[in-house]
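Written below as structure tokens is the structure these notes are about.
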Amino acid sequence: MLWNVRSKARGIRMQLFDSLYYPNYRSYWLGSIAEHFGEYMELVALLWITNKITASPFLLTLVGSCRFLPMVFLSLPGGLAADWFNRCNLLIVSLLGSICLSVYLAVVYASGLVTVWHLIAISLLHGVAMSFNHPVRQSILPNLVESEHLINAISLETGSVLTSQAIAMPIAGCLIGSIGAASVFALRAALVLLTIWWLIPIRTASIPASPRRLTTWQDLSEAAHHMHANVLIFGLVALLFVPRLSTNVYTSLLPIFAVNILQIGPQGYGILQGAPGWGSLIAFVTLASFRKLRNRKPLVFGMAIITGILLAGFAESHWLIMSLSLLFLVGGLNTSIVILDTAMIQSIIPNNMRGKIMSLPEIIRGLGTAAALIFGAIGECTSTSFAILVLAGVCFFIPSSLFFLFPQRRNI
């Protein structure tokens, strides 16, 4: 009996890491860990420096938002480029741009010449690079594994991102407190260079040209007609606004909470930034263990409503343990909302429209970052705690309204 249990456990572990048996995917996955590790470390340092220079809630949200705003306009061109050029080479080019930006920021900060405009410009340019990086990352996975292992490959990629977030952010806080923020930017550049080193050996098949049967306008019109016939898609896409908005707002404002409210310094600030990442990781592992989950729609709308309640508690918290616990739960719920909501959207759209309709969540992500500026302005005029309270009210109101607006909500 014990031997059978051990054999089953060994089998589960082998299935969990099936995609890593492909050399191309293994190199890609290791590179992904290095890239996202550096990305999250740099975000922590950028926000910490912005708060140190300005102590402005609005400028904090502006710097945080600039990393995603270009995706509203450039995600579609990035997706087209992923279909026109060699995906691995395009990914390497976008990473080379990120290296240049991180090295420049490290030099400017170490020389004492950095201003908030440097940080805004660097964030915007990083957003441009990400607008090409993200579509390539999503489209290259089917080129690295066989179709039967694609879901496993996507799951491992998601796990690598969440693990990087949970570990990298506290480390960044420790580095800022011990040897300075310039070291974080330099380390980010080194990690991206390591990513490129992992990507160079990857060989993928060339993308075959395929004739289009519809014009671009006809293609988009067909997708719009399908969405009009199934209005539930609008509700599910709109719901994604809640985790995207809330994540960007509280992440951008955490330096002020760390310094002015919790008084915990850069090390504690890094731990504070990492708490939602640990919640996201636990949520991901938990959801991955379920093959089927019934009544997903009431569950996901309920999670969004609870997120608003938890954010209200965080806004009023002056106790570190309580703040960490609330952020942990918010991170877990936001990740669960994104995973379950995306799965529901995928389940009700036809395959020939999946690419077009699934571009909407990326636009929502960019719009969520733009809307975050409103809460930065509220924090500028009043206080960061009040800004988070207003955010909590919005996060409570949107899912509550959407739940009753769409009569099909209980069918999935």
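The values are calculated or read from the model by the stated rules, or taken from the named source; none is laboratory data. Keep in mind it's a predicted model, so treat the numbers as computed, not measured. Note that each Cβ is placed from the backbone with ideal geometry, even for glycine, and that neighbours are counted across all protein chains shown. Side chains are part of the model used for accessible areas, which takes the heavy atoms of the whole protein and leaves out ligands, DNA and RNA. Shrake-Rupley method; radii C 1.70, N 1.55, O 1.52, S 1.80 Å.
A Förster radius of 25 Å, combined with the Cβ-Cβ distance separating Val107 from Ile200, puts the computed FRET efficiency at roughly 0.45.
Phi angles across segment 319-325 convert, under the Karplus curve 6.51 cos²θ - 1.76 cosθ + 1.60 with θ = phi - 60°, into 3J(HN,Hα) values of 10, 4, 4, 5, 4, 4, 5 Hz, Gly and Pro given as x.
Each of Met344, Met303 has its accessible area taken with a 1.4 Å probe; listed largest first, they run Met303, Met344.
Peptides 113-122, 191-200, ordered by how many other C-beta atoms sit within 10 Å of their residues on average, highest first, read 191-200, 113-122. What part of the accessible area of segment 20-76, given as a whole %, is carbon or sulfur when the probe is 1.4 angstrom? Of all accessible area on segment 20-76, carbon and sulfur atoms account for 73 percent.
With θ taken as phi - 60° and the Karplus curve 6.51 cos²θ - 1.76 cosθ + 1.60 applied, the whole-hertz 3J(HN,Hα) list for segment 190-195 is 5, 5, 5, 4, 5, 4 Hz, x standing for glycine and proline. Going 7 Å from the Cα of Glu146 in the Cα-to-Cβ direction, what parts of segment 23-42 have a backbone nitrogen less than 20 Å from that spot? In segment 23-42, the label zone of Glu146 (backbone N under 20 Å from the point 7 Å along Cα→Cβ) covers 23-29. For Ala55, no residue whose modelled amide H falls within less than 5 Å of its own remains once neighbours fewer than 5 places apart on the same chain are excluded. Given their separation in residues at 0.36 nm each and the Cα-Cα distance between them, Ser401 and Thr382 gain 4.1 nm when the chain is fully extended. In order along segment 390-397, the Karplus-derived 3J(HN,Hα) couplings, from 6.51 cos²θ - 1.76 cosθ + 1.60 at θ = phi - 60°, round to 5, 4, 4, x, 5, 5, 7, 6 Hz, and Gly and Pro are given as x. Working ranking of peptides 63-73, 377-387 by packing, defined as the average number of other Cβ atoms within 10 Å per residue, highest first, is 63-73, 377-387. Annotation: peptides 272-279, 30-37, ranked by per-residue average of other Cβ atoms within 10 Å with the highest first, follow the order 272-279, 30-37.
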